[in-house]
1. Taking R0 as 41 Å, what FRET efficiency do you get between Arg284 and Leu139 from their Cβ-Cβ distance, rounded to the nearest 0.05?
2. I'd like the distance between the alpha-carbon centres of region 1-17 and region 64-110, rounded to an integer number of Å.
3. Rg/Rh for region 1-156 to two decimals, with Rh computed the Kirkwood way over all alpha-carbon pairs.
4. Please list 3J(HN,Hα) in residue order for region 204-219, calculated via the Karplus relation 6.51 cos²θ - 1.76 cosθ + 1.60 where θ = phi - 60°; whole Hz, with x for glycine and proline.
5. Any idea what diffusion coefficient region 160-209 gets from Stokes-Einstein, in µm²/s, Kirkwood Rh on alpha carbon pairs, 25 °C, 0.890 mPa s?
6. Once you have a ≥ b ≥ c as the square roots of the Cα gyration tensor eigenvalues for region 174-239, tell me rounded if a/c is under 1.5, and otherwise prolate or oblate according to whether a/b is larger than b/c.
7. Round to the nearest 0.05 the FRET efficiency obtained for Met1 and Gln264 when R0 = 35 Å and r is the Cβ-Cβ distance.
8. Gap in Å between the Cα centre of region 187-228 and the Cα centre of region 160-183?
Amino acid sequence: MWLLRVAWATLPLTAGPAAAAATESWSDGPRIAAATLLWIAWAVGLLATLAPRPQTLTALRVIAPALLVAAVLAAIDGASSTLATVGALAATIVCAALASGHDIASAAANGLAYGDEQRFPLRVPPALFLGPLPVARLLVAAGVVAPVLLLADGQIVVGLVALVVGAALVYVLSRSLESLSRRWAVLVPAGFVVVDPLTLADPVLFLREHVRQLAPEPPAAAPPGALDLRLGAGAGSVSAQFDAPIDLVRAARGRRGGETVETQDIRFAVVRRDEMLRLAAGRRLPVRVPVR
């Protein structure tokens, strides 16, 4: 976390010169608008590293790759010196990599924790990284940046159209992106909770007295009868087995309610699995020794 904070705080020095050089030839309106957007993006990202929450995590994970794309475009433009270009690329790569890591995700999850609970983010479905997730983040960034630059350049009609389209994109996609920042396995005094709007209609509390075993699992397909909530994620797999069948309501895409399923075994994938199981054992949940 501290490496991310330091790297982000120094972006005006490491990436700022390349941005200034790339926009130097622009007319005053777009140049000032671009500088303002960059400062706002930097300030929001800095806030996200200092006070991580699900909302600020979502914003950070939109801004960080957008700044990397901007650094790449500045490098292609060739207006800045080689040293400034390398500095901007290196700094934005480091920030984007750290912003996508588990430390900031865990800090954001636990930023909303209350009482005696510990939250562990669920792993993002790997298939989303193949296109939908990066595209959605870049569309959100473009939905903010494009209208501002177009309007600042005096292109009122096109800018207003971009504003309407961009606002719709930001509204729809940011809600979907934030749902990825609100997926957790939560250790609570009574047992543990799985919060996953992608797979479950509502958060589910599993009481300690009904948990037969929490155990690490290999990244393999779930056995017959088990309810697999991993959405393709294999690393960090955990099984939770219960002393009697339980009813769970699967989330339904685009509508309320969902399908009710019965199971005695669920599978989910968390970051920092061994830490979660160690803390679960300390809370008197039955835990099998982690596999190595």
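The values are calculated or read from the model by the stated rules, or taken from the named source; none is laboratory data. Fair warning: this is a prediction, and the values are worked out from it, not measured in the lab. Backbone-built Cβ (ideal geometry, glycine too); neighbour counts: all protein chains shown. We work out accessible area using only protein heavy atoms, side chains counted, and drop any ligands, DNA or RNA first. Shrake-Rupley method; radii C 1.70, N 1.55, O 1.52, S 1.80 Å.
1. Details: r = 46 Å, r/R0 = 1.13.
Plugging the Cβ-Cβ distance into 1/(1 + (r/R0)^6) gives 0.35.
2. The distance from the Cα centre of region 1-17 to that of region 64-110 comes to 9 Å.
3. Taking Rh as the inverse mean 1/r over Cα pairs, Rg/Rh reads 1.01.
4. Computed from phi, the couplings for region 204-219 are 10, 8, 10, 5, 3, 5, 9, 8, 7, 6, 10, 8, x, 10, x, x Hz.
5. On the way: Rh = 13.0 Å.
The diffusion coefficient I find is 189 µm²/s.
6. On the way: a/c = 1.96, a/b = 1.14, b/c = 1.72.
Oblate.
7. Details: r = 38 Å, r/R0 = 1.10.
Calculated value: 0.35.
8. Comparing the Cα centres of region 160-183 and region 187-228, I get a distance of 30 Å.
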